[in-house]
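Heads up, the thing below is written out as structure tokens.
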Amino acid sequence: MISVEEAFSLIDENVGHFDREEISIADAGNRILADDVFADRDFPPYDRVMMDGIAIQSGAFETGVRRYPIEKIQAAGAGKQSLEDSRNCIEVMTGAILPENTDVVVPYEELFIDRGVATIRSDGIKRLQNIHLKGTDCKTGTLLLKRGARITPVSTAILAATGYAFVPVIKLPRIAVCSTGDELVEVKSVPADHQVRQSNASMLASALKSEGIDAHVFHLNDDRELLSKGIRPVLQDFDVLLFSGAVSKGKFDYLPAVLQEAGMDVIFHGVAQKPGKPFLFGKFASGVPVFGLPGNPVSTFVCYHLYFRRWLYYSMGVPFDYQRVRLAREMRLPAKLARHLLVSVENADGILNASPLLGSGSGDLPGLIPANGVITLPAGKEVFHKGEIFNMIPFEG
Ligand SMILES: Nc1nc2c(c(=O)[nH]1)N[C@H]1C(S)=C(S)[C@@H](COP(=O)(O)OP(=O)(O)OC[C@H]3O[C@@H](n4cnc5c(N)ncnc54)[C@H](O)[C@@H]3O)O[C@H]1N2
Ligand code: MOO
């Protein structure tokens, strides 16, 4: 059995390389940007009128002119007009380009307009007032979004503003989620006394959905022949295989052997950790990785977050973020195995306090309900003090 640290290193050594693709901006939310994005023009791209009103020349105001015949209108979206007579004004609309020969915008609230003449009621004006000058936010060529960033609503707006109708993103892998086990029945079924509804595949598919991945879900029974037959088509059609169950020492835990028969190399099988001790990680010669998540629901979920998501993020070139949390109470544990502890966090004046949720072990699915994430208490140490800082992998967002 290898240590958690060795398992992480082996995951890191075997990260994938995803291609890029161009997708419609309408579908780009939450995807990972594959290119840097630069400003293709200044922001704003022209001297932009910021208030509805009139545009005048400051020089005319300084010589005492207060009554300005309206020469024309500069609407937003219309080409640039020009003020012919400096004692006149042009009516301007928010978002319009500032007309030539003007350098001040006076809003309607400070005007009195009668029979085509605007009288300025305010005492003073400032040159360039209510004008959003070209390039003041950023210049053409400025780096706005970095490759590897997750596309947020704000980055979607930047992509739209810079002309990306189609956005270069990192391709998402096609993932098969395969649950195993004869005791498992379909969600819609009424289970007999010795059966349970199959919930791990739903949990994994839902977790993958939040990464933007639509997984294909399969169920395979604990029959060596059927398992062997069942995985063959799955092997061909997917980039990543996530299995849940059938990786420990049971008489019907055929999965590791069947996968090896099909050509998978075992990278490791068994990690000195709780939960998730029988976790299996392997790879086919084609490069397709296999994550054999132990079947107990807490083991499945914890191994998914610790190992699969790490692999996925690193394969996409994205940092795998942790939250710094403070252990809310002392923990004493046997030092033999690393302990992945479910925690619920509470924000106390900006400090995230993490309370361990002990539940009744890795089969305790309802025990996951209050969990916000998982922290790892390393092997080789028995006492962990209240207030010690840990990296928490959050389960949501
Ligand atoms: N002799 C040993 N027995 C076990 C060991 C061991 O080292 N020696 N390890 C234990 C640990 S730790 C775990 S974790 C489990 C994992 O075993 P498997 O990966 O083979 O999983 P199963 O036996 O198939 O299932 C375990 C448990 O989880 C339930 N399960 C499985 N899949 C689902 C699903 N899709 N939805 C809901 N529930 C699921 C299953 O019914 C079992 O109760 O092995 C220990 N045994
Ligand atoms: O790894 Mo098993 O994870 O204790 O249930």
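Each reported figure results from applying straightforward, stated rules to the coordinates on display, with no laboratory input. Source: prediction; values computed, not measured. Note: ideal-geometry Cβ built from the backbone for every residue, glycine included; neighbour counts use all protein chains shown.
Give me the count of lysine pairs in the range 227-294 whose alpha carbons sit under 20 angstrom apart, restricted to pairs 8 or more positions apart or on different chains. Please report the intermediate quantities before stating the final value.
Details: K229/K251; K229/K283; K249/K274; K249/K277; K251/K277.
Lysine pairs meeting both conditions in the range 227-294 amount to 5.
List the residues whose amide H sits under 5 Å from the amide H of G292, counting only those 5 or more places along or on another chain, with H placed 1.01 Å from N in the peptide plane.
Placed amide hydrogens put F243, L280, F281, G282 under 5 Å from G292.
Which far-off residues, 5 or more places away or on another chain, put their amide H under 5 Å from the one on I23, with H placed in the peptide plane?
Those qualifying (amide H under 5 Å, at least 5 residues apart or on another chain) are V167, V169.
So for the chain, averaging the separation of alpha carbon pairs under 8 Å that are six or more residues apart and normalising by length, what relative contact order in percent results? Intermediate values should be presented prior to the final figure.
Details: 865 pairs, mean separation 62.0, N = 397.
This gives 16 percent for the chain.
Determine the distance separating the Cα centre of the range 89-145 from the Cα centre of the range 16-58; give it in Å without decimals.
23
Using the per-residue mean of other Cβ atoms lying within 10 Å as a proxy for protection, in what order, highest first, do the peptides 311-319, 12-20 fall? Show your work: numbers first, answer last.
Numbers: 311-319: 17.2, 12-20: 12.7.
The peptides rank, most packed first, as 311-319, 12-20.
Principal axis lengths of the range 269-397 from Cα atoms, whole Å, largest first?
Result, largest extent first: 49, 31, 29 Å.
How many angstrom lie between the C-alpha centres of the range 327-397 and the range 160-179?
Using only Cα atoms to place each centre, the spacing works out to 33 Å.
How high is the relative contact order of the range 323-394, given as a whole-number percent (alpha carbon pairs under 8 Å, six or more residues apart)? Before the final figure, lay out the partial values.
Numbers: 150 pairs, mean separation 35.2, N = 72.
Averaging sequence separation for qualifying contacts and normalising by length gives 49 percent for the range 323-394.
If I fit a long axis through the Cα atoms of helix 4-13 and take the longest principal axis of the Cα atoms of the chain, what angle between them do I get, 0 to 90°, rounded to 10?
The angle comes out at about 60 degrees.
Report P(r) for the range 1-148: all Cα-Cα distances, bin width 10 Å, range 0 to the bin holding the largest distance, values in whole percent.
It works out to 10, 28, 19, 13, 11, 8, 6, 4, 1, 0, in whole percents.
List every residue whose amide H lies under 5 Å from the amide H of F38, counting only residues 5 or more places away in sequence or on a different chain, with H placed 1.01 Å from N in the peptide plane.
Under 5 Å from the amide H of F38: L144.
Could you check what % of the DSSP bridge pairs in the range 235-370 are antiparallel, to the nearest 5? Before the final figure, lay out each step's value.
Numbers: 14 of 22 bridges.
Expressed as a percentage, antiparallel bridges in the range 235-370 total about 65.
So for the chain, Kirkwood radius off the Cα pairs, Stokes-Einstein at 20 °C and 1.002 mPa s: how many µm² s⁻¹?
On the way: Rh = 25.7 Å.
It comes out at roughly 83 µm²/s.
Please identify every one of the GluC sites (Glu not before Pro) in the range 178-284 that sits in a loop by DSSP and has no more than 11 other beta carbons within 10 Å of its own beta carbon.
Numbers: sites: E183, E186, E211, E225, E261; in loops: E183, E186, E211.
Those satisfying the criteria are E186.
Among DSSP beta bridges whose residues both lie in the chain, state the antiparallel percentage, nearest 5. The partial results should precede the final answer.
Numbers: 55 of 81 bridges.
The answer is about 70 percent antiparallel.
Could you work out the per residue convex hull volume over the alpha carbons of the range 323-394, in cubic angstrom? Kindly include the intermediate steps, with their values, before the conclusion.
Working: hull volume 5.7 nm³, N = 72.
Value for the range 323-394: 80 Å³ per residue.
Run a plain Debye calculation on the range 144-267 (Cα atoms as equal point scatterers, no solvent) and give log10 I(q)/I(0) at q = 0.12, 0.16, 0.23 Å⁻¹, rounded to two decimals, same order as the q list.
Results for the range 144-267 at q = 0.12, 0.16, 0.23 Å⁻¹ read -0.60, -0.84, -1.38.
Antiparallel as a % of all DSSP beta bridges within the range 48-132, to the nearest 5? Walk me through the intermediate numbers first.
Details: 17 of 22 bridges.
Antiparallel bridges make up about 75 percent of those DSSP assigns within the range 48-132.
Please state the relative contact order of the range 1-129 as a whole percent: Cα pairs under 8 Å, 6+ residues apart?
Values: 200 pairs, mean separation 32.3, N = 129.
Relative contact order of the range 1-129: 25 percent.
Taking only Cα atoms and a 10 Å spring cutoff, compute GNM fluctuations for the chain and point out the largest among L358, L377, L337.
Of L358, L377, L337, the Gaussian network model singles out L358 as fluctuating most.
Taking neighbour counts of Cβ atoms within 10 Å as a proxy for exposure, in what order, fewest first, do S58, S299, S122, S362 appear? The partial results should precede the final answer.
Details: S58 15, S299 27, S122 11, S362 22.
Ranking S58, S299, S122, S362 by Cβ neighbours within 10 Å, fewest first, gives S122, S58, S362, S299.
If you take the square roots of the eigenvalues of the alpha-carbon gyration tensor of the range 1-52 and sort them as a ≥ b ≥ c, do you get rounded (a/c under 1.5), prolate (a/b over b/c) or oblate? Could you put the intermediate results ahead of the total?
Numbers: a/c = 3.98, a/b = 3.09, b/c = 1.29.
Here the range 1-52 falls in the prolate category.
Label the range 118-205 by shape, choosing from rounded, prolate and oblate, from the square roots a ≥ b ≥ c of the eigenvalues of the Cα gyration tensor; if a/c is under 1.5 it is rounded, and otherwise prolate applies when a/b is larger than b/c, oblate when it is not.
Details: a/c = 6.50, a/b = 2.94, b/c = 2.21.
Since a/c reaches 1.5 and a/b is larger than b/c, the shape of the range 118-205 is classed as prolate.
Compute the Cα gyration tensor for the range 48-132, then decide on rounded, prolate or oblate, letting a ≥ b ≥ c be the square roots of its eigenvalues: rounded whenever a/c is under 1.5, prolate when a/b is larger than b/c in the other cases, and oblate in all that remain. Walk me through the intermediate numbers first.
Details: a/c = 1.39, a/b = 1.32, b/c = 1.06.
Note, shape of the range 48-132 comes out rounded.
Helix 224-237 sits at what angle to the longest principal axis of the chain, using alpha carbons and giving 0 to 90 degrees rounded to 10?
20
Please list, in order along the range 129-134, the HN-Hα scalar couplings obtained from phi with the Karplus expression 6.51 cos²θ - 1.76 cosθ + 1.60 (θ = phi - 60°), rounded to whole Hz, x for Gly and Pro.
5, 6, 10, 8, 5, 3
Can you pull out the trypsin sites (Lys or Arg not before Pro) in the range 239-337 that DSSP calls coil and that have at most 15 other Cβ atoms within 10 Å?
On the way: sites: K249, K251, K283, R309, R310, R324, R326, R329, R332, K336; in loops: K249, K251, R329, K336.
Here the sparse-neighbourhood loop sites are K249, K251, R329, K336.
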